[in-house]
Amino acid sequence: MFFERTPLLAGLLASLLCALVLAACAKDPPAPAQDESVTLGSQNEMPKVAPVPPSEEDILKGTYWPPAKLDGGVARISCEYDYPQFGEGQRLTSLEFFSLVDALSPCQARGVVRLRYQGKIGAGFTALVQRVSAMATRMEIQTRILDIDSSGGHVEEAIRAGDSIAESGWAIWVREDSVCHSACVLVLAAGDTRSVEGKVGIHRLMRDRSTATSRAELSRELRAINQQVRDYLERNGVATAVSDLMMTIANRDLRILTPDELKQYGLDGTNAAQDDLDRIRLTRKCGEDFVRRRDAFRRAFDAQCMATGKNFESMPQCANALQGQFGFPDKACPSDSPADLYARDLPELFPTEEAQAADAAQGSNEALSKSESKSLAKKKSASAPGE
């Protein structure tokens, strides 16, 4: 009997052994090796973020400015609006911090700086505009005039310079003996006001260092440039039709815009985008009636005083004759009358009490804003980088 049951018992034992093996296989896998657990743990660590480099604006708030130089152009600094009488000003030979301090210090008391630039639009021009703007802000020089004569240059640099101009309150002149062609037109677009007596010309804009080898590649490049220019013109209150017109004129040719076209495209007179900002601010502060009278004054001023072909020296007399007709200065908002709104662009119009006090103080040795004057005098003698 015992021997008869042995095969059955053997089968049961075999089944039990199989069950034990399966149970062992169903258990959790062994813990990962030490180096594997370290790898898994590192996935929970915060990724390292590279520090954000300081912007050009932040750098120019210090006294150590990185090297920069004009690339072929000639820049002159004057503290006078009347260039026929006082000339073009002193030539600027360096874009270093203390060179700009010396160049603009005589303009601080008067509150006017006129930057005369003759040459190509390039990285040096962009640096020039940014640095003169930064120094004028430190010295609290509110009236800034870019007196330009340029046949064009780099599209990308014209846009960079124009964006700086738009944020820092410049009037732009193209005098009778000057031109503004090609990429210079983008600079002209950025001014709070534009006064044109010389020739403004446009043609097809090309990307710097183009790599195109076929018409299709060139078309893609030009399409990208065209969109960039359209966006830029739009934010500066200029008709985007200017960009479309540029595309139809070969780079070797030039289309001179007529006075009517300059007005139509928004390249002469008051900047429409800046005007909108002024209207919003003044409506909140002075009311709608004030803004209506101010708008009527500005329309008359643009038509009669800033019309193409008018001499700059005749503008103060023209504006003086208009102001009283529209009830300015206004008793409720005397500091926001057209006299003050145009002071940045036409400083000779209506000398304010502040301007008269500044004239009386002219010749003082004041350098920058009151909070910086003493410290900068010490830093100049040390000229130590790395502030």
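Structure values in brief
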{"item": "Residue that is nearest to the chain's Cα centre (by Cα) [pool: residues in the stretch 57-84 that are assigned to a helix (DSSP H, G or I) and touching a residue at least 60 places away in the same chain (Cβ under 8 Å)]", "result": "E57"}
{"item": "Residue that is surrounded by the fewest Cβ atoms within 10 Å (Cβ to Cβ) [pool: residues in the stretch 151-162 that are in contact with a helix residue (DSSP H, G or I) (Cβ under 8 Å, 6 or more places away or on another chain) and in contact (Cβ under 8 Å) with a residue 40 or more places away in the chain]", "result": "V155"}
{"item": "Residues satisfying the stated conditions in the stretch 211-220, i.e. open to solvent by 40 Å² or more (accessible area, probe 1.4 Å) and either in a helix (DSSP H, G or I) or in contact with a helix residue (DSSP H, G or I) (Cβ under 6 Å, 6 or more places away or on another chain) (or both)", "result": "R215, A216, E217, L218, S219, R220"}
{"item": "Residue list for the stretch 198-213, restricted to those being at pLDDT below 90 and farther than 16 Å from G153 by Cα", "result": "T211, A212, T213"}
{"item": "Test set (1) of a type in the set (D, E, K, R); (2) assigned to a loop (DSSP other than H, G, I, E, B); (3) free of Cβ contacts under 8 Å to residues at least 24 places away in the same chain - R223 fails condition number", "result": "(2)"}
{"item": "Candidates I121, I148 - the one that is touching a Gly at 6+ places or on another chain (Cβ under 6 Å), within 26 Å of S182 (Cα to Cα), in contact (Cβ under 8 Å) with a residue 24 or more places away in the chain and β-branched (V, I, T)", "result": "I121"}
{"item": "Lone unmet requirement of (1) touching a Gly at 6+ places or on another chain (Cβ under 6 Å); (2) surrounded by 16 or more Cβ atoms within 10 Å (Cβ to Cβ) for L257", "result": "(1)"}
{"item": "From the options R252, R292, residue that is part of a helix (DSSP H, G or I) and out of contact with any Lys or Arg (no Cβ under 7 Å at 6 or more places or on another chain)", "result": "R292"}
{"item": "Given (1) over 21 Å from L188 (Cα atoms); (2) free of Cβ contacts under 8 Å to residues at least 12 places away in the same chain, index of the condition F297 fails", "result": "(2)"}
{"item": "Residue identified as touching a residue at least 24 places away in the same chain (Cβ under 8 Å), touching a Phe, Trp or Tyr at 6+ places or on another chain (Cβ under 7 Å) and either part of a helix (DSSP H, G or I) or within 30 Å of Q325 (Cβ to Cβ) (or both) among L233, L282, L245, L262", "result": "L282"}
{"item": "Of all residues making up the stretch 142-169, the number that are outside any helix (DSSP H, G or I) and more than 15 Å from D192 (Cβ to Cβ)", "result": "6"}
{"item": "Residue satisfying all of: in the stretch 308-325; of a type in the set (A, V, I, L, M, F, W, C) and surrounded by 17 or more Cβ atoms within 10 Å (Cβ to Cβ); modelled with the highest pLDDT among these", "result": "L322"}
{"item": "Selection within the stretch 107-153 - more than 24 Å from S55 (Cβ to Cβ) and β-branched (V, I, T)", "result": "V112, T143, I145, I148"}
{"item": "Residues within the stretch 118-127 that are buried (at least 24 other Cβ atoms within 10 Å of the Cβ) and out of contact with any Asp or Glu (no Cβ under 6 Å at 6 or more places or on another chain), tallied", "result": "2"}
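The values are calculated or read from the model by the stated rules, or taken from the named source; none is laboratory data. Computed from a prediction, not measured in an experiment: that's the story for all the values here. We place every Cβ from the backbone using ideal geometry, glycine too, and count neighbours over all the protein chains shown. The accessibility values were calculated without ligands, DNA or RNA, using every heavy atom of the protein model including side chains. Shrake-Rupley method; radii C 1.70, N 1.55, O 1.52, S 1.80 Å.
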